[in-house]
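Submitted below is the structure of interest, expressed as structure tokens.
The values are calculated or read from the model by the stated rules, or taken from the named source; none is laboratory data. Only a predicted model underlies this, so the values are computations on that prediction, with no experimental measurement involved. Because the Cβ atoms are built from the backbone with ideal geometry, glycine has one as well, and the counts that use them run over all protein chains shown.
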Amino acid sequence: MEEYKFLFKIVLVGNAGVGKTCLVRRFTQGLFPPGQGATIGVDFMIKTVEVEGDKIKLQIWDTAGQERFRSITQSYYRSAHALILVYDISCQPTFDCLPDWLREIHEYANTKVLKILVGNKTDRDDREIPTQIGEEFAKQHDMYFLETSAKEAENVERLFYEIAAELIDQARSKDNSSSMNKNLSDSVGLSPQGSKPPQVSCCSGLSNQSSSQTGNT
Ligand SMILES: Nc1nc2c(ncn2[C@@H]2O[C@H](COP(=O)(O)OP(=O)(O)OP(=O)(O)O)[C@@H](O)[C@H]2O)c(=O)[nH]1
Ligand SMILES: [Mg+2]
């Protein structure tokens, strides 16, 4: 069996078409998929990275942005160590939906989850959201911030490596501060939280339930 020091779960959320799947495939497979179709339910990928000599296994959950899958994707928030909230820097409505996504995150994710705001598609020359606006939003909501291009491979490795490094720090500081309380939950200070019923959210009134879900590894 593969040896690793930490296992972290990272969940990507954000409107349909912002490039979540392309970011994941760029990171896990080193490619920009041509004609990437919309994600159905949730996709799952694993990548093991090395940080300061330690092997870290990243479980990456790529959720569908389409409203009709929302009740499935919500159920993945709770066990996440990190949540990457993605918008498209060339598409204002994807930025305008961020408060709705945050409400959803607050409702379903662990309070201590690491939150990262990502403005994707920096390669495009029709930018609608200036970097500074993204940065300010992230600051206001206690999130890390990074702009990326899945297409040009800009900041994609950095995104996942920085998340891994931050989660390692959190795990280590938790280890140090509560050595008597080890194994209470996952490797990063996550405290259990009861599951809640799904709710309608981001940018449209309708939320259909669906049972479809994919599991590519
Ligand atoms: N120019 C540019 N296009 C991108 C980039 N990332 C993704 N795209 C394009 O944006 C479209 C949507 O990408 P996806 O990765 O499928 O988006 P998604 O967020 O996974 O969408 P859902 O699965 O429906 O939630 C595709 O046509 C991609 O080629 C990028 O960095 N730059
Ligand atoms: Mg997708």
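Anything in the stretch 1-40 that is part of a loop (DSSP other than H, G, I, E, B), polar (S, T, N, Q) and within 9 Å of ligand 2 (Cβ to nearest atom)? List them, or say none.
If we filter the stretch 1-40 for residues that are part of a loop (DSSP other than H, G, I, E, B), which is where we start, we get 1-5, 14-19, 30-40.
Still in the running and polar (S, T, N, Q): 15, 36, 39.
Answer for the stretch 1-40, where residues must be part of a loop (DSSP other than H, G, I, E, B), polar (S, T, N, Q) and within 9 Å of ligand 2 (Cβ to nearest atom): Gln36, Thr39.
So which residues in the stretch 78-109 are part of a loop (DSSP other than H, G, I, E, B) and either β-branched (Val, Ile, Thr) or modelled with pLDDT of 95 or more (or both)? Spell out the reasoning first.
Taking the stretch 78-109 first, the residues part of a loop (DSSP other than H, G, I, E, B) are 78-81, 89-91, 97, 109.
Listed by number, the residues that qualify are Ala80, His81, Ile89, Ser90, Cys91, Cys97, Ala109.
Filtering the stretch 41-76 down to residues that are on the phi < 0 side of the Ramachandran plot, among the small types (Gly, Ala, Ser) and more than 14 Å from ligand 2 (Cβ to nearest atom), which residue is surrounded by the fewest Cβ atoms within 10 Å (Cβ to Cβ)? Spell out how you get there, then give the answer.
Taking the stretch 41-76 and keeping what is on the phi < 0 side of the Ramachandran plot, we get 42-51, 54-76.
Keeping just the survivors that are among the small types (Gly, Ala, Ser) gives 64-65, 71, 75.
From what is left, the residues that are more than 14 Å from ligand 2 (Cβ to nearest atom) are 71, 75.
On the way: Ser71: 18, Ser75: 14.
Among residues in the stretch 41-76 that are on the phi < 0 side of the Ramachandran plot, among the small types (Gly, Ala, Ser) and more than 14 Å from ligand 2 (Cβ to nearest atom), the one surrounded by the fewest Cβ atoms within 10 Å (Cβ to Cβ) is Ser75.
In this structure, is Val156 aliphatic (A, V, I, L, M), at pLDDT 95 or above, touching a helix residue (DSSP H, G or I) at 6+ places or on another chain (Cβ under 7 Å) and surrounded by 13 or more Cβ atoms within 10 Å (Cβ to Cβ)?
Values: aliphatic (A, V, I, L, M): yes; at pLDDT 95 or above: yes; touching a helix residue (DSSP H, G or I) at 6+ places or on another chain (Cβ under 7 Å): yes; surrounded by 13 or more Cβ atoms within 10 Å (Cβ to Cβ): yes.
When the stated conditions are applied, Val156 passes them.
How many residues are within 12 Å of the chain's Cα centre (by Cα), polar (S, T, N, Q) and not in a strand (DSSP E or B) when one looks only at the stretch 54-73?
The qualifying residues number 1.
Right, here's the next one. Inside the stretch 131-150, can you point out the residues that are within 16 Å of ligand 1 (Cβ to nearest atom) and out of contact with any helix residue (DSSP H, G or I) (no Cβ under 7 Å at 6 or more places or on another chain)?
Step one: list which residues in the stretch 131-150 are within 16 Å of ligand 1 (Cβ to nearest atom), which gives 131, 134, 146-150.
Across the stretch 131-150, the qualifying residues are Thr131, Gly134, Ser149.
Another question, if that's okay. Run Gly19 past the list (1) away from ligand 1 (no atom under 16 Å from the Cβ); (2) closer than 30 Å to Glu2 by Cβ and report the number of the one that doesn't hold.
Answer for Gly19: the failing condition is (1).
If you don't mind, another one. Considering each of Gln36, Gln66, Gln29 in turn, give the residue that is within 16 Å of ligand 1 (Cβ to nearest atom) and closer than 23 Å to Asp96 by Cα.
Gln66
Let me ask another. Only one of Lys115, Lys151, Lys121 is closer than 15 Å to Leu12 by Cα, surrounded by 14 or more Cβ atoms within 10 Å (Cβ to Cβ), modelled with pLDDT of 95 or more and basic (Lys, Arg). Can you tell me which?
Details: Lys151 fails: closer than 15 Å to Leu12 by Cα; Lys121 fails: closer than 15 Å to Leu12 by Cα.
None of the other options fit; the residue is Lys115.
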